[in-house]
1. Count, please, the residues in the stretch 87-110 that happen to be surrounded by fewer than 20 Cβ atoms within 10 Å (Cβ to Cβ) and not charged (D, E, K, R).
2. Looking for whichever is under 27 Å from THR151 (Cβ atoms) and either at pLDDT below 95 or assigned to a strand (DSSP E or B) (or both) here; the options are ILE65, ILE20. Which one fits?
3. With a cut-off of at least 3 residues that are closer than 30 Å to SER268 by Cβ and in contact with a Gly (Cβ under 7 Å, 6 or more places away or on another chain), name the helices (runs of 4 or more DSSP H) lying wholly within the stretch 282-397.
4. Considering the stretch 97-110 alone, what residues qualify as being touching a residue at least 60 places away in the same chain (Cβ under 8 Å) and either in contact with a helix residue (DSSP H, G or I) (Cβ under 6 Å, 6 or more places away or on another chain) or over 13 Å from ARG21 (Cβ atoms) (or both)?
5. Name the residues in the stretch 342-397 that are open to solvent by 30 Å² or more (accessible area, probe 1.4 Å), within 21 Å of VAL17 (Cβ to Cβ) and aliphatic (A, V, I, L, M), would you?
6. Going by the conditions given, is THR23 of a type in the set (Ser, Thr, Tyr), surrounded by 17 or more Cβ atoms within 10 Å (Cβ to Cβ) and more than 20 Å from ARG127 (Cβ to Cβ)?
7. If I ask for residues that are open to solvent by less than 10 Å² (accessible area, probe 1.4 Å), under 19 Å from the mean Cα position of the chain (by Cα) and within 17 Å of TYR358 (Cβ to Cβ), which ones from the stretch 144-187 would you list?
8. Here's a check for you: in the stretch 1-17, which residue that is open to solvent by 30 Å² or more (accessible area, probe 1.4 Å) and assigned to a loop (DSSP other than H, G, I, E, B) is modelled with the lowest pLDDT?
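The values are calculated or read from the model by the stated rules, or taken from the named source; none is laboratory data. The model shown is predicted, which means the values in this text are computed figures rather than measured ones. A quick note on method: Cβ atoms are made from the backbone with ideal geometry, for glycine too, and the neighbour counts reach across all protein chains shown. Surface areas here come from the heavy atoms of the whole protein model, side chains and all, with no ligands, DNA or RNA. Shrake-Rupley method; radii C 1.70, N 1.55, O 1.52, S 1.80 Å.
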Amino acid sequence: MTEGTLLKTALNNSAEVTEIRRTIHRHPEIGRNEFKTSELIRKKLTEYGVDEIKSYTPTSVVAIIKGGMGEGRCLAIRADIDALPVTEDTGLPFASEVEGMMHACGHDMHAAMLLGVAKMLCGMRDRFKGTVKLIFQHSEDTLPGGAKELTEKGVMEDPKVDAIFGMHIMPDEKECGKLAFIKGPITTSVDLYDFTVKGKSGHGSAPHTTNDPILAACQTVVLLQQIPSRYVDPMETVVFPVCSIHSGDAPNVIPEEAKFSGIARGYSEEVRKVVDEQVYKIAKGVEEISGCKIDINHYEGYPACVNDAVLTEDAMKAVERELGEGSTVLLDKPMSFSEDFSYYTNMTGTPGMYMFLYAGHEGELVPLHNPKMHVKEEAMPYGCAAMTAAALDYLNR
């Protein structure tokens, strides 16, 4: 195998990778219950001849492939494998056979492509030095995230990982098979807040005898919106939408309780801390003026993903060499969603590189997590070849 032939090999393997993807798609499993999926992954890895298979949790799979050119660095490559609680509406012949579950985020393709990479690397050990650690990760879409659990259990050690790569498919209007890169922040952090406002109920004709939890809740909701505009540098990005609010049953009764919830997102840990501090300060202030009690449950979600600039630049060049000029895109702004890939870098200080595979679309163009989400399987060989090219380039530098 010589430079420029990885795509040809990936295309030759595409029928197998496609069948793996369709099998996983038919049998989606929610986070921490990916038993059939992990069993299939183990079977294929054994067939390909990886050097070692480990399990850090019941449904994650980690494989080791040792290069034949001697000692070197350890590169981890991660794919998530869990599905979503979404009822599929694609009409595909290989649609989900599990009611209320679907691979609407492309994790079926991620797992299949990483198996494609595993097969390619096992067949070309004489082309690289060092070690590749393949992480088939459970529960990306279910908090607190499988990446956090795996990192806590030592997946980035033994052997110690020197860098980690990842990939996500993206539906797109035109492109299919191109790779998109971002230097610096690539996805937001995410923090969920549930608020319970406890007041004193009473008749709507005598509000002065009550402590109105609805009024206190509304005051808090409005004040939360001043966090991005008054406590965060305007050059930073923070959003804090309140997405649900519930209270009361009658038009003439001031209730005893109101509940609402919101979600905060941003691109820096410093800003994330400012947001959290202000949430509690605002709640305390509203308690003072309303006479109500505000309880807050903060569910700390994923940190922001940040791409190492050097890894990203090197990977882009490697992909361009393999797939040709124009095969990569450098994006000028990050994504607005969150990804628990960030734990691998954030918790260990390991540099990371996360790229996006444009996969076109079949039928209506819809976003990820939509019941109609279906992209082109023809993109997968390009994903396999791109990741393998980036891996070889890193290991042999």
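1. First, the residues of the stretch 87-110 that are surrounded by fewer than 20 Cβ atoms within 10 Å (Cβ to Cβ): 87, 89, 91-95, 97-100.
Keeping just the survivors that are not charged (D, E, K, R) gives 87, 91-95, 98, 100.
Total meeting the criteria: 8.
2. Working: ILE20 fails: either at pLDDT below 95 or assigned to a strand (DSSP E or B) (or both).
Of the residues listed, the single one that is under 27 Å from THR151 (Cβ atoms) and either at pLDDT below 95 or assigned to a strand (DSSP E or B) (or both) is ILE65.
3. On the way: elements: 309-323, 342-346, 380-395.
Once the helices (runs of 4 or more DSSP H) in the stretch 282-397 are filtered for at least 3 residues that are closer than 30 Å to SER268 by Cβ and in contact with a Gly (Cβ under 7 Å, 6 or more places away or on another chain), what remains is 342-346.
4. Within the stretch 97-110, GLU97, VAL98, MET101, MET102, HIS103, ALA104, CYS105, ASP108, MET109 meet the criteria.
5. LEU368 - this is the single residue of the stretch 342-397 that is open to solvent by 30 Å² or more (accessible area, probe 1.4 Å), within 21 Å of VAL17 (Cβ to Cβ) and aliphatic (A, V, I, L, M).
6. On the way: of a type in the set (Ser, Thr, Tyr): yes; surrounded by 17 or more Cβ atoms within 10 Å (Cβ to Cβ): no; more than 20 Å from ARG127 (Cβ to Cβ): yes.
When the stated conditions are applied, THR23 does not pass them.
7. As a first pass, look at the stretch 144-187 and keep what is open to solvent by less than 10 Å² (accessible area, probe 1.4 Å): 145-147, 150, 155-156, 161, 163-166, 168-169, 177, 179-182, 186-187.
Restricting the remaining residues to those that are under 19 Å from the mean Cα position of the chain (by Cα) gives 145-147, 150, 155-156, 163-166, 168-169, 179-182, 186-187.
The answer is GLY166, HIS168, ILE169, LEU179, ALA180, PHE181, ILE182, ILE186, THR187.
8. MET1
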